[in-house]
């Protein structure tokens, strides 16, 4: 027990050890010097030993931990380590690494290696890898599968990325309802082992239609003479392949599920969902949300090449540049006013900045409420009223404070009043748009989370400059 | 089966039905008119019937779904619905709602109601509620528990919020290793039922020290004559109460666990972790991260009072106000230059804005890498080099483009050059600080995620204004 416990606690330690072994005798420089046959024999032997040590260390690690180590290493060292990993584990490890890192690994493998790696995997796992595999490898793979598995692979690949169908696997153990639990137990003993995470058996009729589920918990606490029909639960939560994976994830966490059957429109059992794939999905979702908020298109390998990084980041930078340019032109409208009262130039970023901050607070709340389905037309008016009230109070308090500061700095009472008024109006604008933007995007069937922060900031920047400089032009000149 | 499937798919529908019932006959106005005894008898009867319908609907819902409905209703309607929920389910539902909503519900309950609700719960669940319970209720609760449960509650409450100890429950089924599986099966049949999510039994010795685990999967596939010792796994992943919950969450997702034993320093079994509590924890974590990025202190009830919302949002607004004020004073330094070339005022927000955007991209990558433990001193230099290279290229390309635009707008070639140079320098500053801020915060043992976005934006704003206006003052005047 102690041994394995250690292996859990030491993913970071394992990484440190690998880094240490790579550094030892400059293994990491290996690649640069591969052609260098002039090295003394003793040095080469030392290298060989270090390599063997490193390989042994890697063999001891869980595939998920090898994946972790690979993700944490710069490209060259990563590929050196990848070379040392036993080919028999390539498939499992490819499944565990992030999309971006997987691409760097697959790029280094030839067709035969890829084929060998994929052939170790289950059909649903191959479907997960498929988008990253070269076309010819995928074709060859298809040919090598038997009919059932080929059909499964094709169907798994046919479902859109965020659907239950893309997430499900085919590790299902089915039984009939008219037999005794004793018979079930004998059947399972003959099977010898059950798929990972199996917490229930699926009860189907002769046509493979789902009749219910038999949790192992019930199997072991009921008398062996009881029939499956009596012991099974016929109110199991079931999913359909075309359902949204995120709805399934919410159901899993709401009803504390470990596995659940997936059935088609005719109630035929077609696969199962497991809590681990649901958890992975949730993690990826929340991560990609965080990344998109920061203006990154997708999960980036932190050791990606400069070129890859640029591709990942250009889109949002360009959008940002456009909104900044618009804000700049708004200021340009009022250059005459700024020339006369240069203090406006110093004060205007405050008005825009606080509006952006407050607008982001509002829009984050609303987007979250929409994602959870808690914001409806029913509650919209209440929300808008509340957000406007919060904005008004914030505007009077902070706007008032800033108005005093502006007055103190520039000894201009009217300037202070304009500052207070502009901040209050921009906060009201931020609150209004913070509620409306996500609602409108939802009406247009677009994901309100994507780009919401950029949009609200664009509005509060340009709006803030316009309101402040406009008021100043009206009342101070 | 069909019936329950529907109940899964219709959380949103249930909400709509509840809203519909609330609207019917103006049930929602009930509260305003409670004193109004002048209502005609027929109207009162209709109300009574609507209430009964609503109550029936609520009784049909899963506690998690009732929680969902409560969270989606404005305060008054929420409390009306809460009144209708069967008291016997209060405890379960309080566990399911978010912290902010829980507070609104508990505020409406008297000590007896709270006590009754808490007494329906397991010890670990009481511990979860405890922080929100009034002191006297908690005291009375303690007195009502037997010795073992009181000790468990005290120990569960003693662990810090984000530790394994705070997350674990006590629903453990233990067996000895020297008995046959047949005996285990007989024991389980006598027990009659197993705790939720049980996927393994814990094997302990006479002193309650953990010897291994017996997955139900193994129990059902092995011959009944085999002993527990032969069938059990002695390499189970175990946790300690004082471990970080987030490390446990990573281990759960890495090793696909459903439940895992929690042992103390002497290997005594003290509790278990389950995948559902780990999932809940992960969801809360990623949510609170998203909220703090947007400048919200904590999970906000979207129907919170204006006053509560202000409290939740003031802290970050104030910080933002301070950084905006500093940026404004930086501009103030160069008012003389702006007076002479007013175009500077219009162009400066672009330099600051792009720097902020790019800096946020970098810092998000680094914070994420640090959270996963993938960024070490070993890889720091490689990362810094890469980020600076990306910044340099972005600066030359976008800075160059903006320089041309500035030239076209203001027919001033030197102004275009200053624009390009300032954007490039600010992007380099953003990249450098984007890598350094999280690393320094980690060195200071602070969470690099908290406030990182505010800090990098403060740097790129003030820095951007300083660089652009400074270069302009040096070269254009």
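The values are calculated or read from the model by the stated rules, or taken from the named source; none is laboratory data. From a predicted model like this one, the values you see are computed outputs, not experimental measurements. FYI the Cβ positions are ideal-geometry reconstructions off the backbone, even for glycines, and counts take in every protein chain you see.
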Checklist entry - Which of the residues spanning region A:143-153 are touching a helix residue (DSSP H, G or I) at 6+ places or on another chain (Cβ under 8 Å) and loosely packed, with under 15 Cβ neighbours inside 10 Å? => result A:144
Checklist outcome for this item: Condition set touching a helix residue (DSSP H, G or I) at 6+ places or on another chain (Cβ under 6 Å) and within 12 Å of another protein chain (Cβ to nearest Cβ), scope region A:401-425, selection farthest from residue B:332 (Cα to Cα): answer is A:423
Checklist entry - Tell me, which residue of region B:431-454 that is in contact (Cβ under 8 Å) with a residue 60 or more places away in the chain and part of a loop (DSSP other than H, G, I, E, B) is nearest to the other protein chains (Cβ to nearest Cβ)? => result B:449
Checklist entry - Does residue B:185 satisfy being crowded, with 17+ Cβ neighbours inside 10 Å and either assigned by TED's automatic domain parsing to the domain that holds residue B:123 or in a loop (DSSP other than H, G, I, E, B) (or both)? => result no
Checklist entry - Of everything in region B:197-215 that's free of Cβ contacts under 8 Å to residues at least 40 places away in the same chain and in a loop (DSSP other than H, G, I, E, B), which residue is farthest from residue A:254 (Cα to Cα)? => result B:206
Checklist entry - Taking the condition crowded, with 17+ Cβ neighbours inside 10 Å, in contact with a strand residue (DSSP E or B) (Cβ under 8 Å, 6 or more places away or on another chain) and not in a helix (DSSP H, G or I), does residue B:295 pass? => result no
Checklist entry - Restricting the search to region B:260-277, which residues are assigned to a helix (DSSP H, G or I) and more than 8 Å from every other protein chain (Cβ to nearest Cβ)? => result B:277
Next on the checklist: Kindly evaluate residue A:237 against the criterion of being facing another protein chain (nearest Cβ under 10 Å) and in contact with a helix residue (DSSP H, G or I) (Cβ under 8 Å, 6 or more places away or on another chain).
Outcome noted: yes
Checklist entry - Is at least one residue of region B:324-339 part of a helix (DSSP H, G or I), under 20 Å from residue A:360 (Cβ atoms), more than 8 Å from every other protein chain (Cβ to nearest Cβ) and within 34 Å of the chain's Cα centre (by Cα)? => result yes
Next on the checklist: For region A:216-248, give me each residue that is assigned to a strand (DSSP E or B) and either closer than 19 Å to residue A:189 by Cα or outside the structural domain of residue A:285 (by TED's automatic domain parsing) (or both).
Outcome noted: A:227
Checklist entry - Does region A:61-71 contain any residue that is touching a residue at least 60 places away in the same chain (Cβ under 8 Å) and under 24 Å from residue A:126 (Cβ atoms)? => result yes
Checklist entry - Looking only at region B:103-127, which residues are under 19 Å from residue B:79 (Cα atoms), part of a loop (DSSP other than H, G, I, E, B) and touching a residue at least 24 places away in the same chain (Cβ under 8 Å)? => result B:108
Next on the checklist: Being in a helix (DSSP H, G or I), modelled with pLDDT under 85 and within 7 Å of another protein chain (Cβ to nearest Cβ) is the filter here; which residues of region B:364-397 pass it?
Outcome noted: B:369, B:378, B:379, B:382
Checklist entry - All but one of (1) under 32 Å from the mean Cα position of the chain (by Cα); (2) more than 9 Å from every other protein chain (Cβ to nearest Cβ); (3) part of a helix (DSSP H, G or I); (4) under 30 Å from residue A:250 (Cβ atoms) hold for residue A:457; which doesn't? => result (2)
